[in-house]
Amino acid sequence: MTVVIRPAQPSELPALTTYPGDDERNASTAAYLEQLFTTGCSRPEWCLVAERDGTLIGNIVLWAVPGRDVPSDFVLFEPSDAGTGAALLAEAGRFAAGLGAGRQAHVLDIPAGAPQYQRDPQLRQSLLAEAGFTMDRDGRRFVWEAGRDAMPAQDDRLTWRSLAELGPEPFVDLLAELLSDTKDSIMGAEVAELGIRGAAELNFREMTEMEHEPHWFEIGYEADGTPVALSLPARNPGSAVIGLVGVAPAGRGKGYSTSIVARGTKILTEAGATEIRGDCDDANIGMFKGFLKASYRNYTDRKMFSRALGQEVT
């Protein structure tokens, strides 16, 4: 039977593909898609479905940073089977390239959970590889919840000064220093492509596009005035996040990774957050330990993939 890939019809939103007997999953994914529309991360016309004999058997939804007109990622990928999954990925690539995207990214969480419920991770990874995706990061995800997890203690060794006081230049300078020997695989690739300064400017600019207040972004200084810690907590469309953090080479080995996570937690909870998420590269042992010591739990692992969108998908 032929599988047809097409834009979803209005009557098929926001549920898209549903699974009999799995009401929790169906309700969760429908609510998530509705949230994507509300926050501007997606649009009804960016929802593609796979249809066979009048029945929806799969879907894929393009995703963008709120305010951008070109989708950079996709979410809610339901491949059903290998053939359907390959067809959905091919059409998602063509569709995004037609809107001006040069790359396309996707994340895979293991173990799977709400709201995307990414069943059969082996099939998904195989489909991504066959469609030209490579893994950019093997990451670890963390969560802190008020009332469940202890509030991390603040580090009185550091004095914090904010973006509102300092302006952006010291933040870019410190970020460039951090990137000189970063253990983050994605940032390392950005340094290789853009140079240290260019990668620092890109990362800081992307953080400023997230929801934040200027006083949230801070640099931590040691007693002698040396800047050693970078804390950029923020909110994304899904939750409050620790965001971009780092310890300068001069401050490493002193436990400041925990101090930064604790500081971001304090800032975000004072702004009303009751759940905070964070992540780091698997190779970044310092930040991994920093999250755990700050009372965060490693609730899932996240693999990040991307591919170039060339002539083959236009």
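The values are calculated or read from the model by the stated rules, or taken from the named source; none is laboratory data. Just so it is clear, the model here is predicted, and its values are computed rather than measured. So basically every Cβ, Gly included, is an ideal-geometry build from the backbone, and we count neighbours across all protein chains shown.
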Seminar exercise, completed: Residue count, region 1-12, condition surrounded by 16 or more Cβ atoms within 10 Å (Cβ to Cβ) and either at pLDDT 95 or above or more than 18 Å from Ser80 (Cα to Cα) (or both), comes to 3
Problem set entry | Subset tally (residues that are within 18 Å of the chain's Cα centre (by Cα) and under 16 Å from Glu78 (Cα atoms)) for region 23-61 | 5
For this session: Out of Asp136, Asp156, report the one residue that is within 29 Å of Arg297 (Cβ to Cβ) and touching a residue at least 60 places away in the same chain (Cβ under 8 Å).
Result: Asp136
For this session: Report yes if some residue within region 104-123 is in contact (Cβ under 8 Å) with a residue 24 or more places away in the chain and under 15 Å from Ala229 (Cβ atoms); otherwise report no.
Result: no
Exercise. Restricting the search to region 209-252, which residues are modelled with pLDDT of 95 or more, surrounded by fewer than 20 Cβ atoms within 10 Å (Cβ to Cβ) and polar (S, T, N, Q)?
Worked result: Thr226
Exercise. Across region 1-22, what is the number of residues that are closer than 19 Å to Gln35 by Cα, in a loop (DSSP other than H, G, I, E, B) and either of a type in the set (Gly, Ala, Ser) or more than 27 Å from the chain's Cα centre (by Cα) (or both)?
Worked result: 3
Problem set entry | So Ala176, is it in contact with a helix residue (DSSP H, G or I) (Cβ under 7 Å, 6 or more places away or on another chain) and either within 20 Å of Asn284 (Cβ to Cβ) or aromatic (Phe, Trp, Tyr) (or both) | yes
Problem set entry | Breaking point among (1) more than 17 Å from the chain's Cα centre (by Cα); (2) closer than 24 Å to Pro71 by Cβ; (3) among the charged types (D, E, K, R), for Arg252 | (2)
